[in-house]
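The block underneath contains the structure these notes are about, expressed in structure tokens.
The values are calculated or read from the model by the stated rules, or taken from the named source; none is laboratory data. Because the structure is a prediction, the values reported are computed rather than measured. Glycine gets a Cβ as well: all are built from the backbone with ideal geometry, and neighbour counts include every protein chain shown.
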């Protein structure tokens, strides 16, 4: 329970409450509360529950996992070369987060602003050479980053959207074997909206709703799984607008673009809950042992849609495996990320090249599995496969990306993909890291930057497995 005392002190101060007043409400002495806040006495579970009730906060806000993500994000920020020479350690950052969590968040926000400003300056310099008449620069914080953080805070589980999807199933009398027909009939009967297929080829958008004519157009180039999903997305936008607005009103979403993107992301979540109903989907996942491809056939969904849905199974009393999910393009840019497994992702740079996620591009369409170990100890089991966005014909090839779905190794026996693997053999695990600057392994032949926590030692008479490796 280390660190809870300092968090309690910060919470009390943020609510302008004295030690004496809080101690009185907790039923303890002010001196004992002072010892708790300074880490000299434990914050027991009964007291923790009382604290949550007094300040109306979620007990999850005291969970160490959020501190771990904060530490990883700060470590990645401090791995920037501008901090070289300050000799920061993991323990320094952990102490900083435990004693001053709000200041730690502020420092991370400041670094994000600096990084974006630096990138904007580089872009600006390049534009000056090409065109002196420059467009206005966008806000430093990307909308996609703000929405990703919101999803992570909610652990990618939104019970009100789940309930709304279950209500719609009952109202529209939907059936899994004729889901598309049922959704189309619902739009026609309840909203007087017709669904039509656009035959204009690659020039047509995937989905386009014309409110004046009350017609929902779907491109002829998208597969059945996408047609089901896009109709469900439009139903979400039409029927769940108040709920989408409520979620988009999150104070951490700072721009109209972020709020608009949040609405779309939540409509997509609703569509996933419609096309893959929670209870039926969880039951199938358990019986099919998380065979993603079989589940894709059963629910007429894509491989990526099933992987997404598997990360949302967090209902109390009916939970699936706590997965992490990552999607990257062939250049290593991360477009989607979520972690319920505890694994850390790079926030400001690309993924580790030793992940099977990267190797998946060498075997398109095939599932690659990997037992991997982070440099700080945890072992994970992951599957990875490429996915291709539907193309528009010969002259418009589809965009290829790779996605990974993984969990802590002790959960992996529930997955069909782990059959035949010794999940307890740490020596067989591939050593991976978050990024080169945060990884302390110096014997990695994929290293392209020196580790942050070790000085760069150059011996001109010795060449390791890489330029930055210090081992023979």
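Some points to look at:
- Residue within segment 165-174 that is touching a strand residue (DSSP E or B) at 6+ places or on another chain (Cβ under 8 Å), within 16 Å of residue 271 (Cα to Cα) and either without any contact (Cβ under 8 Å) to a residue 40 or more places away in the chain or surrounded by 16 or more Cβ atoms within 10 Å (Cβ to Cβ) (or both) present: no
- Condition met for residue 305 (at pLDDT 95 or above, part of a helix (DSSP H, G or I), in contact with a strand residue (DSSP E or B) (Cβ under 7 Å, 6 or more places away or on another chain) and in the same structural domain as residue 215 (by TED's automatic domain parsing)): no
- Segments classed as helices (runs of 4 or more DSSP H), wholly inside segment 1-93, with at least 3 members that are modelled with pLDDT under 75: 4-14, 64-78
- Positions within segment 278-299 being farther than 22 Å from residue 180 by Cα and in a loop (DSSP other than H, G, I, E, B), in sequence order: 288, 289, 290, 291
- Residue satisfying all of: in segment 386-431; part of a strand (DSSP E or B) and farther than 21 Å from residue 366 by Cα; modelled with the highest pLDDT among these: 408
- Selection count, segment 308-320, where residues are surrounded by fewer than 19 Cβ atoms within 10 Å (Cβ to Cβ), without any contact (Cβ under 8 Å) to a residue 60 or more places away in the chain and not in a loop (DSSP other than H, G, I, E, B): 2
To keep it simple, each residue is scored yes or no on (1) within 30 Å of residue 443 (Cβ to Cβ); (2) out of contact with any strand residue (DSSP E or B) (no Cβ under 9 Å at 6 or more places or on another chain); (3) buried (at least 21 other Cβ atoms within 10 Å of the Cβ).
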residue: 274; (1), (2), (3): no, yes, yes
residue: 282; (1), (2), (3): no, no, no
residue: 289; (1), (2), (3): no, yes, no
residue: 322; (1), (2), (3): no, no, no
residue: 326; (1), (2), (3): yes, no, yes
residue: 361; (1), (2), (3): yes, no, no
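- Any hit, segment 10-19, residues being touching a helix residue (DSSP H, G or I) at 6+ places or on another chain (Cβ under 8 Å) and under 18 Å from residue 95 (Cα atoms): yes
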